[in-house]
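Asker: Dumping the structure here so I can ask a few things about it.
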Amino acid sequence: MKRTRKLAVILTVLMILSVFPMGVFAEEESKKMPTASFDEKVTLNDAGEVMPIRRAVLNLEDEDGPYTVTRVRLRDVAFALSSTEAKFDISFDEKQNAIIITTGVPYEQSEYDKREIDLKDANIIDSPHKVLVDGVEAKLDAYNIDGETYTSITKLRKALGNKFYVRTIHDTGETLISFEKNDMEEFTKEAFDAKVKEKKITLVYAGAPWCPWTKLNLKGLIPFQEYIEKNGADAQIIAMVHDYQDYYKSDVLRDYQESSSNSEKEMTDYPFYTVGMTSEGWDHISKIAGTELKYLPSIFFMNDEGKLIKYIQGGEDEGEDQEETDENGEPVSYNYIEMYEEIIKDLDKAE
């Protein structure tokens, strides 16, 4: 599949927008500046109380067409978290042109924060300010909208030390900021390596629940698991979940269920070994792949000695810019059964 269409980094790394003189705009009328509006959905805490966080939806465009991203007003988040263990204060250092975030200090909301904001005809640029969290620079994928900072809440969570979790409420699409740790098993190198030794062939699938291309290629995993069980194949699947801190077992199970050929059958447990991808996990499978992982999903087959057999980075088959589609021209999941059978055929020939 084309890298520009489905790489998870492209979903998390925003298109950099430059500020041009008016003369340039006159010469390049084809360039579209982003627009923004407020998200109507609310953000809740564990008690179900509304957190006063305004969320801006930015309408952007790249070579593949229009898309949207959601960003939150930084000072709204600071106020919403002011009485929690994730509290932080905000100031500005003109000399460094930097937003200063100090953790552990409650933010005091001003009357200016309470005003109504109209994003119609807003001036929107990529944020020109550095952000220092306790003196350490953080990348928050932030935008400056009419002079105010709107940031990725996921990047902010990480910069604050993962002191809270961000979930999407399935039934409503609203956001939940939770302080209850998720229930997903975390990756450990020892457990992973031991698991790989159990079967002749292991398919490792590294993806993220928020990534549409991860979800698309999940559709091939369930049939492969059913194939393994039906044929007694000496094979297994290991699924690694990126950004697992923001997801619970039930969230991931729902994705598996929706990707199953029998989506009506409720899943009560993972159909295959599933773990949260820690930084150790990311480094470990990058080493196995022989290259630093940059894209999601990343898919590869291994033997029981832990050696790489076949690698597909970001859905691209060994660097080929190809894309399988159905009769309607829509992209389809990889066929892992065919890949596995081809691998077994090659191994039998080698023996």
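The values are calculated or read from the model by the stated rules, or taken from the named source; none is laboratory data. Bear in mind the structure is a predicted one, so any value in this text is a computation, not a measurement. Positions of Cβ are backbone-derived with ideal geometry, glycine not excepted, and every protein chain shown enters the neighbour counts. Calculation scope for accessible area: heavy atoms of the full protein, side chains included, ligands and nucleic acids excluded. Shrake-Rupley method; radii C 1.70, N 1.55, O 1.52, S 1.80 Å.
Asker: Report Rg(Cα)/(2.2 N^0.38 Å) for the stretch 174-319, keeping two decimals. List each step's numbers first, then the result.
Answerer: Details: Rg = 14.8 Å, N = 146, 2.2 N^0.38 = 14.6 Å.
Taking N as the residue count of the stretch 174-319, the ratio is 1.01.
Asker: May I pose another question? Report the number of Lys pairs in the stretch 35-178 whose alpha-carbons are under 19 Å apart, with separation of 8 or more residues or on distinct chains.
Answerer: For the stretch 35-178, qualifying lysine pairs total 15.
Asker: In nm, to one decimal, how far is the modelled label at M33 from the one at S279, with both set 7 Å along Cα→Cβ?
Answerer: The modelled label-to-label distance comes out at 3.9 nm.
Asker: If you don't mind, another one. Compute the separation of the alpha-carbon centres of the stretch 169-190 and the stretch 195-243 and state it in Å as a whole number.
Answerer: Using only Cα atoms to place each centre, the spacing works out to 20 Å.
Asker: From the phi of every residue in the stretch 45-56, what ³J(HN,Hα) in whole Hz does the Karplus formula 6.51 cos²θ - 1.76 cosθ + 1.60 yield, where θ is phi - 60° and glycine or proline is x?
Answerer: So the J values, rounded to whole Hz, are 9, 4, 7, x, 7, 6, 9, x, 10, 7, 10, 9.
Asker: Please list the three semi-axes, largest first and in whole Å, of the ellipsoid equivalent to the stretch 133-198, using sqrt of 5 times the eigenvalues of its alpha carbon gyration tensor. Present the calculation step by step, with values, prior to reporting the outcome.
Answerer: On the way: eigenvalues 198, 70, 25 Å².
Semi-axes, largest first: 31, 19, 11 Å.
Asker: Please work out how much length the chain gains when fully extended from K287 to N45, using 0.36 nm per residue of separation minus the C-alpha to C-alpha distance, in nm with one decimal. Show your work: numbers first, answer last.
Answerer: On the way: separation 242, 0.36 × 242 = 87.12 nm, distance 3.88 nm.
Between K287 and N45, full extension yields an extra 83.2 nm.
Asker: Continuing with this model, one more query. Among (1) 1.72; (2) 0.90; (3) 1.11, which one is Cα Rg over 2.2 N^0.38 Å computed from these coordinates?
Answerer: (3)
Asker: What accessible surface, in Å², does a 1.4 Å probe find on H170, ignoring ligands, DNA and RNA and rounding to the nearest 10?
Answerer: 100
Asker: If you place +1 on the Cβ of every Lys and Arg and -1 on the Cβ of every Asp and Glu, how big does the dipole about the Cα centre of the chain come out, in debye to the nearest 20?
Answerer: That gives the chain a dipole magnitude of about 760 debye.
Asker: Using Cα-only point scatterers and the Debye equation, what is log10 of I(q)/I(0) for the stretch 35-178 at each q in 0.12 Å⁻¹, rounded to two decimals?
Answerer: Calculated log10 I(q)/I(0) at the listed q: -0.48.
Asker: Filter K294/K345; K189/K345; K197/K345; K195/K265; K200/K349; K230/K265 down to the pairs with a C-alpha to C-alpha distance above 23 Å, please.
Answerer: K294/K345; K189/K345; K195/K265
Asker: With N denoting the number of residues in the stretch 123-164, provide Rg(C-alpha) divided by 2.2 N^0.38 Å, to two decimal places.
Answerer: Compactness ratio reported: 1.17.
Asker: Something else about it: Against the globular-protein guess of 2.2 N^0.38 Å, express the Cα radius of gyration of the stretch 99-140 as a ratio, rounded to two decimals.
Answerer: Expressed relative to 2.2 N^0.38 Å, the Cα Rg reads 1.51.
Asker: If you don't mind, another one. Would you kindly derive the ³J(HN,Hα) couplings of the stretch 262-272 from the backbone phi angles with the Karplus curve 6.51 cos²θ - 1.76 cosθ + 1.60 (θ = phi - 60°), listing them in order in whole Hz, with x for Gly and Pro?
Answerer: 10, 5, 7, 7, 6, 8, 10, 8, 4, x, 8
Asker: Here's another thing I want to ask about it. What figure in square angstrom, to the nearest 10, would you give for the accessible area of D251 with a 1.4 Å probe?
Answerer: 20
Asker: In 5 Å bins starting at zero, report the fraction of Cα pairs in the stretch 127-238 per bin as a rounded %.
Answerer: Binned Cα distances yield the sequence 2, 8, 12, 14, 15, 15, 11, 9, 6, 4, 2, 1, 0.
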